[in-house]
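Accompanying notes for the structure given below.
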Amino acid sequence: MAPRITRSLLAVLAGIAVLTAASFAIEAAVDPLLMLAFPQALPNRAALSYNLPASILLFAYTSLCVAAGGYVAAWIARRSPLWHAAAMGLAQEALTVWAMTSFGEIAPRRNWIVTLILTIPTAICGGLLRARQTASAARLGERRIA
């Protein structure tokens with residue numbers, strides 16, 4: 001029983017690590033480019049959070065990162081991929097609520113709310129992608145045997 005729990009915890013932590021690393025890497029590249037391309041609208045980092053088009057871009061790439069985290073959690077866990085992806089999403093939700101209560105002034109409330117709404121469904125989408133790949137590979141294996 002302990003190895004399964006350990007694997008599950010590691011799967012969730014790995015998913016969060018992937019989504020965090022990917023989000024920060026994209027943000028590190030995109031934010032300076034946006035400020036360079038639109039200096040009047042985005043004179044500094046604080047303006048990025050309050051600019052709606054920049055926030056929409058943030059939601060798009062963050063959603064991809066969360067889906068990647070859900071995929072990794074499902075892949076590492078091997079069993080119950082959707083549950084592990086959802087658990088990763090739930091853990092990320094808890095971290096987001098903590099960040100919102102601790103650093104809420106760095107972004108408008110709408111950004112926090114949209115993030116909370118999107119996190120678990122997006123993580124499950126990543127887990128669903130992994131589950132479908134696994135099922136598809138299993139069907140291919142059955143065809144080869146038959």
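Given the choices (1) 1.09; (2) 1.05; (3) 0.92, Rg/Rh (Cα atoms, Kirkwood Rh) derived from the coordinates of this structure is entry (1).
Please give the Cα centre distance for region 1-77 versus region 82-146, rounded to the nearest Å. When both Cα centres are located, 12 Å separates them.
Using a simple spin-label model with pseudo-atoms 7 Å out from Cα toward Cβ, residue 33 and residue 7 lie 3.9 nm apart. If R0 is 25 Å, the Cβ-Cβ spacing of residue 44 and residue 102 corresponds to a FRET efficiency of close to 0.70. For residue 4, the shell of other residues with beta-carbons less than 10 Å away shows a net charge of +3, using +1 for Lys and Arg and -1 for Asp and Glu. Taking 0.36 nm per residue of separation and subtracting the Cα-Cα distance, full extension of the segment from residue 24 to residue 140 would add 38.1 nm. Ordering 65, 125 from the fewest to the most neighbouring beta carbons within 10 Å gives 125, 65.
None of the figures in this text is laboratory data; all of them are computed from the coordinates on show. Source: prediction; values computed, not measured. Virtual Cβ from ideal backbone geometry, glycine too; neighbours counted across all protein chains shown.
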